[in-house]
Amino acid sequence: MTFSTDIETLAPATDAEIGEKASAVRPVPVAVISAITITAIIGVWALASSYALVSPVFLPSPRQVVIALYNLIVTGFVDATLAEHVGASLYRIFGALIASILIGIPAGIAIGTSRVGRGILDPIVEFLRPLPPLAYLPLIIIWVGIGEASKITVIALSMLPSIILSTSAGVRSVSKDHVNAARSLGATRRQVLAEVVLPSAVPSILTGVRIALGAGWTTLVAAELVAATSGIGFMIQSAAQFLVTDIVIAGIVVIALIAILLEFLARLIERRLVPWAAHR
């Protein structure tokens, strides 16, 4: 009896038993972990506010922030509603993005395909890349003025290096076999660039655009310090001057939500335009 029991214990598990064990140890989804983390952070924040562990001047309660966000939507702050502030900031972000794409993609192609282009543009890109926007902001004001052009220029300069470097990397990573095959079929240099190199570099270009959007948002607050009358960064700075901390936190939350939404849209566009990139 003992011998037969030992044999059953040592027998290999069936497929059904393996499936039951796998389902029993199924990992927790990442979305659930993220939701638990956010809930825990808000819970600790609410407890700290309710027990007055931190002064409300420095850390208002989540309820106060929600009320401030509602008031921003309905009545606004510093002579503009939340929609007007968001609209002004998005105008600057997308204006800078369009300018940086129009300049950055040709510059990246020149770096990736030409020794002369690389020699001319590489030093300029490497000079701009590590510079914080506040370093050249005074110079931009002297050159361009204090209007919308200076704000868009500062944001565009922070976006340019990401787009240029991603484009040049995508161009250089194009398969030589594809290029040689096109040439063997009689394609001209322009046709190779337009029909082989650029389509292959699109995933890298879109990645650069996504990185550039993040850089643009981080530069937005600094850009809106210059004689702005609207914008999320201007709203946050104005609220900070008067210690209206709930407006400051509400503005930070709005910036984060818009950035997440733009990242989602960028990923969606990438999946639509280059569905093959995910399977590389």
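The values are calculated or read from the model by the stated rules, or taken from the named source; none is laboratory data. If you're wondering where the values come from, they're calculated on a predicted model, not measured in any experiment. Cβ sites come from the backbone with ideal geometry, for glycine too, and all protein chains shown count toward neighbours. All accessible areas refer to the heavy atoms of the entire protein, side chains included, with ligands and DNA or RNA removed. Shrake-Rupley method; radii C 1.70, N 1.55, O 1.52, S 1.80 Å.
Points worth noting:
- Hits in the stretch 212-250 (condition: outside any helix (DSSP H, G or I), aliphatic (A, V, I, L, M) and under 23 Å from the mean Cα position of the chain (by Cα)): 225
- Filter pass, residue 209 being open to solvent by 20 Å² or more (accessible area, probe 1.4 Å) and either within 23 Å of the chain's Cα centre (by Cα) or under 20 Å from residue 126 (Cβ atoms) (or both): yes
- Qualifying position, being among the hydroxyl-bearing types (Ser, Thr, Tyr), assigned to a helix (DSSP H, G or I) and within 25 Å of the chain's Cα centre (by Cα), among 91, 70: 91
- The one condition from (1) open to solvent by less than 70 Å² (accessible area, probe 1.4 Å); (2) within 14 Å of residue 162 (Cβ to Cβ); (3) of a type outside the set (S, T, N, Q) that residue 130 does not meet is (1).
- Residue 153 being open to solvent by 20 Å² or more (accessible area, probe 1.4 Å), closer than 21 Å to residue 215 by Cα and of a type outside the set (A, V, I, L, M, F, W, C): yes
- Residue in the stretch 193-206 that is under 30 Å from residue 87 (Cβ atoms), open to solvent by 50 Å² or more (accessible area, probe 1.4 Å) and within 14 Å of the chain's Cα centre (by Cα) present: no
- Within the stretch 58-73, being at pLDDT 90 or above and open to solvent by 40 Å² or more (accessible area, probe 1.4 Å) holds for 63, 64, 66, 67, 69, 70, 71, 73.
- Among the residues examined, residue 158 qualifies as more than 22 Å from residue 274 (Cβ to Cβ), hydroxyl-bearing (Ser, Thr, Tyr) and crowded, with 17+ Cβ neighbours inside 10 Å.
- The residue that is surrounded by the most Cβ atoms within 10 Å (Cβ to Cβ), among those in the stretch 45-57 that are of a type in the set (A, V, I, L, M, F, W, C) and outside any helix (DSSP H, G or I), is 54.
- Test: residue in the stretch 13-29 that is under 34 Å from the mean Cα position of the chain (by Cα), at pLDDT 90 or above and among the hydrophobic types (A, V, I, L, M, F, W, C): no
- Which listed residue, of 250, 240, is more than 23 Å from residue 154 (Cβ to Cβ) and either open to solvent by 50 Å² or more (accessible area, probe 1.4 Å) or out of contact with any Pro (no Cβ under 7 Å at 6 or more places or on another chain) (or both): 250
- Count of residues meeting criterion [touching a residue at least 12 places away in the same chain (Cβ under 8 Å) and either open to solvent by 40 Å² or more (accessible area, probe 1.4 Å) or touching a strand residue (DSSP E or B) at 6+ places or on another chain (Cβ under 8 Å) (or both)] in the stretch 92-104: 2
Residue by residue, here is whether (1) at pLDDT 90 or above; (2) open to solvent by less than 60 Å² (accessible area, probe 1.4 Å); (3) closer than 16 Å to residue 91 by Cα holds:
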{"site": "228", "(1), (2), (3)": "no, yes, yes"}
{"site": "233", "(1), (2), (3)": "no, yes, yes"}
{"site": "246", "(1), (2), (3)": "yes, yes, no"}
{"site": "256", "(1), (2), (3)": "no, yes, no"}
